[in-house]
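Quick notes on the structure that follows.
Read-outs: derived from the displayed coordinates by stated rules, not from any lab. Note that this is a predicted model, so its numbers are computed, not measured. Note: ideal-geometry Cβ built from the backbone for every residue, glycine included; neighbour counts use all protein chains shown.
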Amino acid sequence: MLTYIARRILYSIPVLLATSFLSFTFIAKSSDPLANLRANPRDNNPTVLHHLAHVYHLDQSLPVRYWYWLQDVFVHKLGVSLLTSQPIWPDISVAIEHTLQIILLAQVIALVLGVAVGIYSAIRQYSPFDYAMTSVSFLGYAMPTFWLALILQILFVDIYLKWHVRVFYTSGLNSGVTSSTWSIDRLQHIALPVVTLTVVSFALYSRYMRATMLDVINSDYVRTARAKGLPERLVIFRHVVRNALIPIVTVSALQFGALLGGAIVTESIFQLNGMGYFFITRLQTNDVYSVMAYVMIVAITVIIFNLLADILYGYLDPRIRYD
Amino acid sequence: MTEPTTPLDVRASVVVDPMAIAVPLDLAAAEGMELKTRSQWSYARRRFLRHRLAMIGLVGLIIIFGAGALATWVSPYSFDQIDLTYVLHSPTTVGHHIFGTDEIGRDSLSRIIYGIRTSEQVGLTVAVVSTLFGLIVGAIAGYYRGWLDNVIMRITDLILTLPLLVVLLTVAALLGRSSSVWTIVFIIAAFYWTGVARIVRGVFLSLREKEYVEAAKAVGAGDLRIMFRHILPNTLGPVVVTATLAVADAIILESFLSFLGFGIADPTPSLGKLVAEGQQFPQKWWITVIPGLVLVLIVICVNFVGDGLRDALDPQQRRVRA
């Protein structure tokens, strides 16, 4: 097991290096960090531009620039934005914190609801409840996140304008200048983004849970358990649910990457200063190194969660062997 | 004396397929009825045509995509025609603005129909291009294995380290903001084909060890013949399903790109862009809600058709939608 984990981690290092080198080459080739200066006639001074290009190693070859960037990542915490000359880490670490809060809440709610609904749908297969939930998850699955988010926004703006009741806020993270991570005010702000992200994951989890439950219910050992006279409640919760939960663990770990993608849209609609918002705003201004920083953090997160999914799967299901 | 066997019996024994709908063959033979031989494909077609949801989805898709394809004739206005007497008007029958108008008085229904045309172009082209490419590459990788297999698997590993949306956004943003429909198609297809390649490769890897492939080799069939004549038909089930679902995926990805402002450039309407336009007017619900609803309908219909095709083409597999 330990050698397996070690090998996976060792393997992910070249993958990360290759991803970063390819993205770096692509991003550096197709955008000019000094474009803003060049466009402005006041700043368009050849000596200054030359100097800046030299300071930021823009006059070097790509592999050399990549090497400087890599050093920056490790020595200077992801380096400095070429556009604003500000260090990237303080900005992105705040964004990570906010995104984590939203994503984790959405994950927990979606998992609890999805598993519960999946279990009940499987036990009462083809009941009205099952059909209703199947339709809901089909809809949740087909709905683009941005559409759902906008509808929620429209709805709650409307409620506020009509009845002057603030149920949930529709933009920002906090009302005042102070930012408090766990307060009623913060929860009112992040409720709608969390709901948006929950719906998509819930659709996936409830379908998945239902399918694996049905698989397990029809297996031989469940028939044995019933045959020896165990009460149905015990059969379902001790024998069926426990085994049906195993694939959900993997799926929910893999869903993290999708949630990070969903966060891009959700955060830019609700204007939350999270990772997705960070990415989109930096992408719009061609802030090369900030985009690179985001890409690397997402890549590392996805790789970690993929690894976690595999390890947990092996831990929960002893039939899986690693070699 | 020879056993009197009717040709009917012989044929019947060939036809029997445990997976097919049970046809009372003996009964038919006893009554001397003419039996029609059915190929695997005709069984699949029957299963598909009897799938209720798939038929609903198919009809829905024909209506929606038909309107999009005939946009020039179907839509009451052109997508950029301005009617200044109706600016930001709610849905009304007056002047045929049944879905209302936008902030400069353009008819929403017409813009949605033209938006469907865009989605349709993106969805269908991406599906066809990435499926064909993925099919060829996956077949070669799965059949020959070796370095090509390694390279392809490593490339897909790399792409899978990032959410597809992040990759597409970065590429679309850096290739310039004024993308045409075909640029977006190219960008999506360039990253989407790896999924198809992985699936085809998996099937080829397992089928290349089968006895019938060995038999084909023994009678001297060439590699190309084995790949395309013997193995390929067996991969078509999963491939057709993947290609169908790719249509929905591509449409959704395009709408995400367009919504975030990195998609197809103005003035071409796109459903994602139409939804985004409503963002400035939270009071004018129809601008946001209706184009999004059309997107949802398209995706649901495609999913229904995909499910029906899967049930028809490869009945053993019960896929959980991921």
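Some values worked out for this structure:
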quantity: Residue order, fewest to most surrounding Cβ atoms within 10 angstrom, among A:Leu150, B:Leu58; calculated: B:Leu58, A:Leu150
quantity: Average beta-carbon neighbours from other chains, 10 Å sphere, peptide B:165-172; calculated: 6
quantity: At least 30 Å along the helix axis (C-alpha) and Kyte average at least 0.0, DSSP helices within chain A; calculated: A:2-30, A:88-123, A:184-217, A:241-270, A:288-316
quantity: The range B:187-266: C-alpha pair distances exceeding 20 Å, %; calculated: 49
quantity: All-pairs Cα distance distribution in the range B:55-158, expressed in whole percent, bin size 10 Å; calculated: 14, 27, 20, 15, 13, 8, 1
quantity: Hull volume in cubic angstrom per residue (convex hull over the Cα atoms of the range A:147-223); calculated: 132
quantity: Principal axes of the range A:1-155: Cα extent on each, largest first, Å; calculated: 75, 52, 26
quantity: Ranked by how many other beta carbons lie within 10 Å on average, peptides B:296-303, A:265-272, A:111-118 from highest; calculated: A:265-272, B:296-303, A:111-118
quantity: Where labels lie 7 Å past Cα in the beta-carbon direction, separation of A:Ile311 and A:Leu16 in nm; calculated: 1.4
quantity: Averaged over A:257-269, number of beta-carbon atoms from partner chains that fall within 10 Å; calculated: 4
quantity: Largest-first principal axis extents of the Cα set of the range B:59-115 (Å); calculated: 35, 18, 15
quantity: Semi-axis lengths, Å, chain A, gyration tensor of Cα atoms, sqrt of 5 times eigenvalues; calculated: 45, 28, 14
quantity: Amide hydrogen neighbours beyond the local backbone of B:Ser179, cut-off 5 Å, H modeled; calculated: B:Ala265
quantity: Distance from the range B:221-286 to the range A:95-148 (C-alpha centre basis), Å; calculated: 24
quantity: Distance from the range A:247-266 to the range A:206-238 (C-alpha centre basis), Å; calculated: 28
quantity: Residues A:Leu316, B:Leu224, sorted so that the one with the fewest Cβ neighbours within 10 Å comes first; calculated: B:Leu224, A:Leu316
quantity: Cβ crowding within 10 Å averaged over residues, with A:188-196, A:299-307, A:217-225 ranked highest first; calculated: A:188-196, A:299-307, A:217-225
quantity: Whole-number D in µm²/s for the range A:175-323 (Stokes-Einstein; Kirkwood sum over Cα pairs; 20 °C, 1.002 mPa s); calculated: 115
quantity: Cβ neighbours within 10 Å from other chains - mean over A:146-158; calculated: 5
quantity: Fewest-first sequence of A:Arg319, A:Arg207 by Cβ atoms within 10 Å of each Cβ; calculated: A:Arg319, A:Arg207
quantity: Scaled radius of gyration (Cα, divided by 2.2 N^0.38 Å) that the range B:66-287 gives; calculated: 1.31
quantity: Descending semi-axes in whole angstrom, ellipsoid equivalent of the range A:122-187, from the Cα gyration tensor; calculated: 33, 16, 13
quantity: Unit Cα scatterers, Debye sum, the protein assembly as shown: log10 I(q)/I(0) for q = 0.06, 0.07, 0.09, 0.11 Å⁻¹; calculated: -0.40, -0.55, -0.89, -1.31
